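What follows is calculated from the coordinates using simple rules that are stated; it is not laboratory data. No experiment lies behind these values; they were computed from the predicted model shown.
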Amino acid sequence: MNAEILAVGHELLMGEIVDTNSSYIAQQLSGTGITVRWMSHVGDNIDHLSEAFKRGLERSDVVISTGGLGPTSDDLTREAVSNAVGEEMAVDPDILSWLEGVFARRGMEMPPTNIKQATLIPSATSIPNPNGTAPGWWVEKDDKHIVIMPGPPRELKQVWEETVGPRFAEISGSGVTATRTLKTLGLSEGGIDEILSDLFGRENPYLGIYAHTDGIHLRMIGRGPDQTAAEKVIEPVEAEIRGLIGDSIWGTDDDTPAQRAGSLLIDRNQMLAIVEGASAGALASMLHARPERESFFRGALVPGSGPVHVGHDTAPANPDGAITLAQLARESLSADVGVSVTPINMDGGNVYIGMVSDAGSHVETGRFPRRNPEWLMQRSATTAIVQLMSALSSNRI
């Protein structure tokens, strides 16, 4: 089966919000054997929406949409589906009773405009929404499926986990899917593609390659009649990948650089201290989010904007300054390992990552175009944690 995902709303076309729903749905579908062929963003226009659903039904087995299920006049997903399948909407008494109960429990009377959220067409069944007032629809007609779900991610995810996902797993008839992700650092996407060229292009297991801020990820998807069989499909391919590029693999599945760096520090019985310029506290936030932080993280120095001062002197935004700042963090907070993120060097757009321990010192350079401060903060923090993980793994510090 193949699928099309429609994300509905003018705010998506205006760039006011980022569409995380489509990527979530695509990730979930990969575990069911249903292949996503198309994704589209469609504004709150009845003609455009109706056309999008009609086109989806012509070329896909499954059309899934998010958004446009609210009570206002520009929430038009239900009307568009009705147009696409040629059926009339009518108020469903059971949904209406449930909806009135939702408002009653909030101590409110249901506004008349919300009645449209209680409608169905003959070929649709209602999809419960425990977190909102917008139930979804599951439409089955002419061996095609249309699934419309609410737009707020919190509502969407629970609707998927409780109703939509299990039903897709049942109807896809593809058995069970297992996935495995290997996360690498130090090799380019092209380099990995060349080394592993014989492994790409297979259907079971499928091997995909994806560039991320923490390196290149390799995702294997295996299918079988049960979980054990699906995992066994993956095992020989994973073993072959590890045999070819094992030294570059730093983690698997849900591993993060902060988790990996923390584990390495704990294994070495070392404490970490940091000083942040360009990252402005974002690196400390990553480390502080780790539940085991007290076992490896001493703390952070986060000066205000502008140059960072060491005593009466200014630490320059260059490699020497990065080492000076890392040593400052280490000494000031009585840590074993010191890490610094310098302010951005305005001449070259560079941020320097300094790392110091008894074993030695090391500097890495992050080259960033001049973008907004929030982007620079997050990107420099990510670069720093990845480089710290790499330096600890290779015993450079």
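Figures for the structure shown
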quantity	calculated
Whole-number percent relative contact order across the chain, with pairs defined as alpha carbons under 8 Å at least 6 apart	10 percent
0 to 90° range, to nearest 10: angle between helix 227-245 axis and the chain longest Cα axis	30 degrees
The chain: angle of helix 46-59 to the longest principal axis, Cα-based, in degrees nearest 10	90 degrees
Under the Debye formula (equal points on every Cα, no solvent term), log10 I(q)/I(0) of region 2-172 at q = 0.10 Å⁻¹	-0.34
Calculated log₁₀ intensity ratio I(q)/I(0) where the Debye formula runs over C-alpha points of region 146-231, q = 0.11, 0.21, 0.23, 0.25 Å⁻¹	-0.47, -0.99, -1.03, -1.08
For Val36, residues with placed amide H under 5 Å, excluding near neighbours	Ala3
Cα convex hull volume per residue for region 257-393 (Å³)	92 Å³
With Cα atoms, 0 to 90° folded angle of helix 257-267 axis to the chain main axis	50 degrees
Reported label for calculated percent of Cα pairs over 37 Å apart given [x] 42; [y] 31; [z] 27	[x]
Integer Hz, Karplus 6.51/-1.76/1.60 couplings in order for region 72-86, x for Gly and Pro	8, 5, 9, 8, 10, 5, 4, 4, 5, 5, 4, 5, 5, 9, x
Over 32 Å between alpha carbons, listed pairs Lys54/Lys157; Lys141/Lys183; Lys116/Lys157	Lys141/Lys183
Part-to-part distance (alpha-carbon centres) for region 53-109 and region 188-209, which is given in Å	42 Å
